[in-house]
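Since every read-out is calculated from the coordinates, none of them should be taken as a lab result. Just so you know, these numbers come straight off a predicted model, no measurement behind them. Counting neighbours? That spans all protein chains shown, and the Cβs are built from the backbone with ideal geometry, glycine included.
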Amino acid sequence: AGRTHRFLGPVHLPLCAAPPGACARHDRRIMRQGQGQFVAALVALVLVALFWLFLSNAEFGGADASGVSGGGSAGAARGTAVNAADRAMLELALDRYKGLARNMTARIQTAEQAIKQLQRLQQQQAPGTRSKPKLAGRPFRPTDADPSEGGSSAVAAGGGAGENAGGGAGESGGGEENDEEEETEEEKAKRQEAEEKEQRQLIGYDEATKKFRRFRPDFKCGDRVQPLPDSELAECDPAGESPCCSSIGWCGKSKMHCDCDMCQDYRSKVKLSVVGIKVLKKQRECAEIAFSFGPQDSPRACADLALPQVECGRTLMFSETYPAWGCRCCAAGTAQGVEVKPDWTVWSVDVKAEPLPGA
């Protein structure tokens, strides 16, 4: 299954195009892995909380004893300062592990939704229906599939699923493939006409001016979809969170999308610049923090720093009340959290892409 660039992001399972039995085994294995990780995260949260409570109680007791033995206000003040600092550290650690638990829960929920979707699709396909073109998995999100964190499994699940559907399934099926009804020329023409119509809707094609976008909002790119009206391949949005087209035709931002032999990074053809920022949600913070830039004078200054960072998406968190707290960018593919944080604001960043000379 595809994994995110950082371990806190949710997993997006690819659609399984293998035989039903293999899909079921694959889905159960993914569910067991997600449940195991969730349980491990909860155990780690409990152990860390107990450890911090033990240290805090020990230090609180030592500080109180020193204050009593000193018999003066200076000892009591030192003990109060130590207690406040330890409480702040404990609350910070607990907040981080709460975020870990929320993201592990999101992993399991995403897996359950994908399995239900697969089951519905399998139930809708009646035996003996003609074969339809098979797609190699779901689109990768901007933070999917880092090879150092199991990205190869994303390729196996995304690209491999298509190979199994097109090749392996045919070999294992034997005579079943020959029994399927082949697509007629009329059916093929109707399918291509429908795909071209969908393509023009997604790219905003204007019949009068012949203008259109070169990328689709469903993250598909390359030869996975119909060519553009100028007969070129569909691209990815260089100013968005998914600027690269992977070898299997999905837009994303991970190494599997931008740094492989067959990948295409469309950022190399443009100059990116921040054209503005706006408030996305007040009293919120990032659901997942990708990078911290330290204290900044304004959210605009933070946006300029976040733009070239690969881990950053197009949102950031900044406190106008306490700028010294620093600026942090949200991970690509994520936005604001759900907990109320009175002193924080999540901002969205508007980016413009200008073609380079000669590109």
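Assorted remarks:
- Each label was represented as a point 7 Å from its Cα along the Cα-to-Cβ direction; for Lys282 and Asp261 these points are 5.5 nm apart.
- Inter-probe distance in nm under a simple model that places probes 7 Å from Cα toward Cβ, at Ser273 and Glu207: 3.8
- Ignoring lysines fewer than eight residues from Lys352 along the same chain, the ones with Cα atoms less than 25 angstrom from its Cα are Lys210, Lys211, Lys220, Lys253, Lys255, Lys269, Lys271, Lys278, Lys281, Lys282.
- Distance from the C-alpha centroid of region 259-310 to that of region 210-238: 24 Å, rounded to the whole angstrom.
- Under a 5 Å amide H cut-off, with hydrogens placed 1.01 Å from N, Cys286 pairs with Gly337 among residues at least 5 apart or on other chains.
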